[in-house]
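Worksheet: one structure, shown below.
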Amino acid sequence: MSPSDCVASWQSIDPRRPDQVPLRCWWARPADGPPRAGVLVLPEVFGLNGWIRGVTERLAAAGYAALAVPLFARTAPDLELGYGPDELALGRSHKERTRTDQLLADVGLAAAWLQQQLPPAAAAGGLGCVGFCFGGHVALLAASLPAVAATVDFYGAGVAAGRPGGGPPSLELVPTIGGTLLCICGRADPLIPAAEVAAIETALAAANAARAAVNASTGLHRLVLLEGGHGFMCAARSDHHPASAAAGWSLLLDAFESQLGPDRHRAGG
């Protein structure tokens, strides 16, 4: 299936609590029937640009209702950047102004809105969440939200060193995750050195051991290393690795299928 098998548009979401702000999201859903599940898409520091919107539409074409959420809604709500050095610097300047509590408030608002758009049976199974780069780091944080049942974190750097706005490493939240977490990193990613990969692996293994002691049937967290550097999923980036991008997409769909239910479009491509 292709992104043409979906309908997509900008969607404004109004805040529900004083700690939330309006969100300008990209909203995509299947063109040929109700979605079987919902997925939150969390972007790189480049905002809701064409590539992130394309990811959202690919998920919709695969049968999901997908909502791309701005992570800089408080400082740059309409941010859409390319991948040049100046744009990277601008995006990082907004990243440095984020705080974990505000990010979770905004993602929580988006999750509540998305659940309301789903058929009851689809909403009952919980949401998927996928993030890339900074969005991957935030996806790990968002995995701790009760509404999120399956999370895929693509090369979310810095999770072993701290968290947005300061505080202990985001990896310390892994024991609070009720669903499953899949972390996917590039073997040659300079932003996720071997020590951080080892810390991620250790944190996931410890959480899995605790889960097994309580309920052996509970889904397990995973770390997968693929060839390539940082940003290998994105064709617009210099580190794009086509084979790893294809493998990453397959892992993403498998993770959501196992937690959110069979994908009615997988047989079609």
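Of Arg36, Arg24, which residue is of a type in the set (Lys, Arg), surrounded by fewer than 24 Cβ atoms within 10 Å (Cβ to Cβ) and modelled with pLDDT under 95?
When all the criteria are applied, what remains is Arg36.
Can you pull out every residue in segment 152-169 that is in contact (Cβ under 8 Å) with a residue 60 or more places away in the chain and not in a loop (DSSP other than H, G, I, E, B)?
Hits for segment 152-169 are Val152, Phe154.
If Asn208 meets every condition in (1) assigned to a helix (DSSP H, G or I); (2) free of Cβ contacts under 8 Å to residues at least 60 places away in the same chain; (3) closer than 21 Å to Gln20 by Cα apart from one, which number is that one?
Among (1) assigned to a helix (DSSP H, G or I); (2) free of Cβ contacts under 8 Å to residues at least 60 places away in the same chain; (3) closer than 21 Å to Gln20 by Cα, the lone unmet condition for Asn208 is (3).
The rows are residues; the columns are (1) under 20 Å from His137 (Cβ atoms); (2) surrounded by 14 or more Cβ atoms within 10 Å (Cβ to Cβ); (3) touching an Asp or Glu at 6+ places or on another chain (Cβ under 6 Å); (4) among the small types (Gly, Ala, Ser).
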position	(1), (2), (3), (4)
Ile192	yes, yes, no, no
Glu196	yes, yes, no, no
Ala199	yes, yes, no, yes
Ala207	yes, yes, no, yes
Ala213	no, no, no, yes
Leu220	no, yes, no, no
Leu226	yes, yes, no, no
Gly231	yes, yes, yes, yes
Ala235	no, no, no, yes
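Go through Asp86, Asp101, Asp78 for me and flag whichever is acidic (Asp, Glu), without any contact (Cβ under 8 Å) to a residue 24 or more places away in the chain and out of contact with any helix residue (DSSP H, G or I) (no Cβ under 8 Å at 6 or more places or on another chain). Don't jump to the end; show me each part of the working.
Details: Asp101 fails: without any contact (Cβ under 8 Å) to a residue 24 or more places away in the chain; Asp78 fails: without any contact (Cβ under 8 Å) to a residue 24 or more places away in the chain.
After applying the criteria, what remains is Asp86.
Every residue in segment 240-264 that is crowded, with 18+ Cβ neighbours inside 10 Å, assigned to a loop (DSSP other than H, G, I, E, B) and modelled with pLDDT under 95, please.
Asp263, the sole residue that qualifies.
For every residue, the table says whether it meets (1) of a type in the set (S, T, N, Q); (2) without any contact (Cβ under 8 Å) to a residue 40 or more places away in the chain; (3) farther than 24 Å from Gly231 by Cβ.
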position: Ser9; (1), (2), (3): yes, yes, yes
position: Pro18; (1), (2), (3): no, yes, yes
position: Val21; (1), (2), (3): no, no, yes
position: Gly33; (1), (2), (3): no, yes, yes
position: Arg36; (1), (2), (3): no, no, yes
position: Glu44; (1), (2), (3): no, no, no
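Restricting to segment 80-134, count the residues that are assigned to a loop (DSSP other than H, G, I, E, B), crowded, with 19+ Cβ neighbours inside 10 Å and under 18 Å from the mean Cα position of the chain (by Cα). Give the steps one after another, and end with the answer.
Keep residues of segment 80-134 that are assigned to a loop (DSSP other than H, G, I, E, B), which gives 81-84, 96-99, 118-119, 125-126, 133.
Checking the rest, the ones that are also crowded, with 19+ Cβ neighbours inside 10 Å come to 81, 98, 118, 126, 133.
With the extra rule that they be under 18 Å from the mean Cα position of the chain (by Cα), the set shrinks to 98, 126, 133.
Of the residues in that region, 3 qualify.
The values are calculated or read from the model by the stated rules, or taken from the named source; none is laboratory data. Everything quoted here is computed from the prediction, not taken from an experiment. No Cβ is skipped: glycine too gets one built from the backbone with ideal geometry, and neighbour counts run over all protein chains shown.
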